[in-house]
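One structure below.
The values are calculated or read from the model by the stated rules, or taken from the named source; none is laboratory data. Note that the structure is a prediction, hence the values are computed from the model and not measured. All Cβ positions, glycine included, derive from the backbone under ideal geometry; neighbour counts span all protein chains shown.
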Amino acid sequence: MLEDLFKVVKSRLDYDNKGSNHVRSNIPNDLLFKCPRCQNVMFMDEFKSAMKVCSACNYHARISARERLEITVDKDSFVEYDADLVSKDPLNFEGYPEKVEAAQKATGLRDAILTGECTIRTRKCVIGVMDSHFMMASMGSVVGEKIARAFERATEKRLPVVLFTASGGARMQEGILSLMQMAKTSAAIARHSDAGLLYITVLTDPTTGGVTASFASLGDIIIAEPKVLIGFAGRRVIEDTIKQRLPDDFQSAEFLLEHGFVDMIVSRVNMRRTISKLLKLHLSATEGPNHE
Amino acid sequence: MNELTAWERIELIRHKNRPTINDYIPMIFDEFYEMHGDRCFGDDPAIIGGIGKISGIPVTVIGQVKGRDLEENKRTNFACPHPEGYRKALRLAKQAEKFHRPVICFIDTPGAFCGVAAEERGQGEAIARNLLEFSRLKTPVISVVLGEGGSGGALALGVCDALFMLQNAVYSVISPRGCASILWKDATREKDAAERLHITAEDLVSFGICDGIIPESQGGAHTNPELTAENIADTILESLRIITQKSVANLLEARYNKFRKIGEFEEITNSSDTERL
């Protein structure tokens, strides 16, 4: 059952690959985008200028942390925190250092999250963006530490936090240390919350496993992008248990909205504006007296 | 000392006569009144909760319920809680906070249940909420891993001031089987994964996560449940004696730091390392 924390993303990738094999075999990857949700094919230029949103079904595809910052924060306003943190290999886990190194080369990131300070339409905040291209944004010690530090700094500076989540869950190559990052981050969020400060989470594709079961679910306001996958357990594992195919919208943003676990679904094109408006609504929380 | 491998311990804690929380409660607590329900949805038999007394001290007891036979396992869902189980746990913990009662959590679960209903009712949110609320609960919390500490479903009862593990208990981010099937596409390598994941009580002590190992009777807890229960009770009492002396502010500060310091990473300052990227 614990494997569910991880399988979910893997299974989604399998689905993705099954769906796009045909296209991949005939046409260069960088020319076309084939939507994993509806199989619609778009020219890459068109897809990119649509902020990587499927024109047919409105699926909000995965984007890198740098791309996210570019469309979210004011130009040149991002000042990165803790850029020098890198993971160790505490369990001497076979193949782990190589995997991290390959992910670093492929993404240009040191680990699966960027954190820092920025302004969004002039509103100052602490921001964190996870990147699913880095080992499926699994949470190990570095991700946990960067999030904890980001919340501690935000508490100290009395700033709101905006966190874009994406993750396959805890990083099993770091064993129990990765599990404990769930407790560490949640405790840092509790202190930020007790100081009367705002925390907004934006759930992006895919947000699953231990990240769903910790900081992703703890925002004062929880926003999701349309059609993205959000869940705790793996879809395929659940299907194996109940011996039935689950409906397509199971564990989608819309499913979570319907069941009361998401405040609003906001499209990418409106995200920056929505976040800045929400930050503005909570200005008094930042500038008002300390309620501690 | 314990010479069993991680895999041998897993086999031992899956022994059909391994004592469960239902065996231990009458042996450890003088009185016990079970409390039911999360006040929102229902009552989850996979988690038992209530008020008991240990050496005359009233405490709140919460734990996952492994069945002792198939019938009981069906009822308790093999100790895999649904969200309402975690919400019941939180309700009872908040009740304990109100009356300044220490909370004693017993962890024994393969993991939180993975199913349609669990997703619909917010399994992730339920666990997350417990992590946050237990981190600031203004009363002492002691957690004891009795057998299996399975991932987030275990951690939801594991944010505490002191964590103890029975000698043969394990605590892991993922089941060895799951790890093997994901990493190596070969579930039969689970024994190998069990060793590599470092899941034993000694491992967790070495990481600074577990605060003490509770001895089991020779051959495992099932050979002498009364003796094992006595060891658990002694450990809880000794820990309570120390923890209850702290002010609430100091208690919460220490609890925060207990988890805050967990994690292994490096801070690169060398510029050649920077360029490598």
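Computed quantities for the displayed model
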read-out: Which listed residue, of B:E226, B:E253, B:E238, is assigned to a helix (DSSP H, G or I), in contact with a helix residue (DSSP H, G or I) (Cβ under 7 Å, 6 or more places away or on another chain) and either surrounded by 21 or more Cβ atoms within 10 Å (Cβ to Cβ) or not aromatic (F, W, Y) (or both); value: B:E226
read-out: Among (1) under 22 Å from B:V173 (Cα atoms); (2) within 12 Å of chain B (Cβ to nearest Cβ); (3) at pLDDT 95 or above, the one test that A:D82 misses; value: (1)
read-out: Boolean, B:L197 is more than 8 Å from chain A (Cβ to nearest Cβ), buried (at least 23 other Cβ atoms within 10 Å of the Cβ) and of a type outside the set (V, I, T); value: no
read-out: Count - residues of region A:217-232 that are at the interface with chain B (Cβ under 8 Å from one of its Cβ atoms) and over 25 Å from A:C57 (Cα atoms); value: 2
read-out: Search result, residues across region A:94-108 that are within 9 Å of chain B (Cβ to nearest Cβ) and either surrounded by 19 or more Cβ atoms within 10 Å (Cβ to Cβ) or part of a helix (DSSP H, G or I) (or both); value: A:Q104, A:K105
read-out: Cross-chain or 6+ apart pairs with Cβ under 6 Å, region A:45-56 first and within 9 Å of A:R268 (Cβ to Cβ), then small (G, A, S) and surrounded by 13 or more Cβ atoms within 10 Å (Cβ to Cβ); value: A:K52/A:A61
read-out: Verdict on B:F113 being of a type in the set (F, W, Y), within 18 Å of B:N77 (Cα to Cα) and either within 11 Å of chain A (Cβ to nearest Cβ) or more than 14 Å from the chain's Cα centre (by Cα) (or both); value: yes
read-out: Residue that is without any contact (Cβ under 8 Å) to a residue 24 or more places away in the chain and under 26 Å from A:R191 (Cβ atoms), where the choices are A:S214, A:S276, A:S284; value: A:S284
read-out: Selection count where residues are assigned to a helix (DSSP H, G or I), among the aliphatic types (A, V, I, L, M) and buried (at least 19 other Cβ atoms within 10 Å of the Cβ), scope region A:255-282; value: 5
read-out: Among (1) at positive phi; (2) surrounded by fewer than 20 Cβ atoms within 10 Å (Cβ to Cβ); (3) within 11 Å of another protein chain (Cβ to nearest Cβ) - the single one B:D192 does not satisfy; value: (1)
read-out: Test for B:V145: is it outside any loop (DSSP other than H, G, I, E, B) and either more than 11 Å from every other protein chain (Cβ to nearest Cβ) or of a type in the set (A, V, I, L, M) (or both); value: yes
read-out: Meets criteria (surrounded by fewer than 23 Cβ atoms within 10 Å (Cβ to Cβ) and either closer than 25 Å to B:I262 by Cβ or out of contact with any Pro (no Cβ under 9 Å at 6 or more places or on another chain) (or both)) for B:S175; value: no
read-out: Members of region A:55-99 found to be in contact with a strand residue (DSSP E or B) (Cβ under 7 Å, 6 or more places away or on another chain) and of a type in the set (D, E), listed by number; value: A:D74, A:E80, A:D82, A:D84
read-out: Exclusive hit being within 30 Å of B:A201 (Cβ to Cβ) and either of a type outside the set (K, R) or surrounded by fewer than 24 Cβ atoms within 10 Å (Cβ to Cβ) (or both), set A:Q251, A:Q181; value: A:Q181
read-out: Cβ-Cβ under 6 Å pairs, at least 6 apart or on other chains, region A:115-134 side without any contact (Cβ under 8 Å) to a residue 40 or more places away in the chain, far side of a type in the set (K, R); value: A:T115/A:K146
read-out: Subset tally (residues that are out of contact with any Pro (no Cβ under 8 Å at 6 or more places or on another chain) and either crowded, with 24+ Cβ neighbours inside 10 Å or not in a strand (DSSP E or B) (or both)) for region B:39-66; value: 13
read-out: Residue, farthest from the other protein chains (Cβ to nearest Cβ), within region A:167-199, restricted to residues that are in contact with an Asp or Glu (Cβ under 7 Å, 6 or more places away or on another chain) and not in a helix (DSSP H, G or I); value: A:L198
read-out: A:Q244 vs. criteria exposed (fewer than 15 other Cβ atoms within 10 Å of the Cβ) and within 10 Å of another protein chain (Cβ to nearest Cβ); value: yes
read-out: Among the candidates B:R129, B:R101, B:R91, residue that is farther than 12 Å from B:A46 by Cβ, over 12 Å from the mean Cα position of the chain (by Cα) and outside any helix (DSSP H, G or I); value: B:R101
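Yes or no, residue by residue, for (1) among the acidic types (D, E); (2) under 16 Å from B:G50 (Cβ atoms); (3) within 14 Å of chain A (Cβ to nearest Cβ):
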| residue | (1), (2), (3) |
| --- | --- |
| B:E71 | yes, no, no |
| B:C80 | no, no, yes |
| B:P83 | no, no, yes |
| B:K88 | no, yes, no |
| B:L92 | no, yes, no |
| B:K98 | no, yes, no |
| B:R101 | no, yes, no |
| B:I104 | no, yes, no |
| B:I107 | no, no, yes |
